[in-house]
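Inspection log for the structure reproduced underneath, given as structure tokens.
None of the figures in this text is laboratory data; all of them are computed from the coordinates on show. All of these numbers come straight from a predicted model, not from anything done at the bench. All Cβ positions, even for glycine, are placed from backbone atoms using ideal geometry, and neighbour counts span all protein chains on display.
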Amino acid sequence: MRASSGHIGSTGCWAQHKRLARGHGYGFGVEPGVRLLEFGRDIGVKEISIYGFTRDNNQAAGGAEGGAFGAVHAFCKRA
């Protein structure tokens, strides 16, 4: 998980730093993202933009379980 310049995210680079495969990094951002969404709701934030995009999207493992698309799918199911 990294935070800089108003950005919070978990990435392939983050995963590689942890000695994981790049595709595993995206899934680690789901739980913190859900917590951030819930916190925003609790303090009265009316709109929160959540998006998932990476240059690795086209190379991510297929299906609902893999890579960045899998993380976005998992987040949407929880949100």
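The table below lists the values:
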{"item": "Residue-span extension gain [Asp42 to Lys18] - 0.36 nm each, minus C-alpha spacing", "result": "5.5 nm"}
{"item": "Hypothetical label at Ile50: residues of the stretch 9-40 whose amide nitrogen lies under 19 Å (7 Å Cα-Cβ projection)", "result": "9-12, 24-40"}
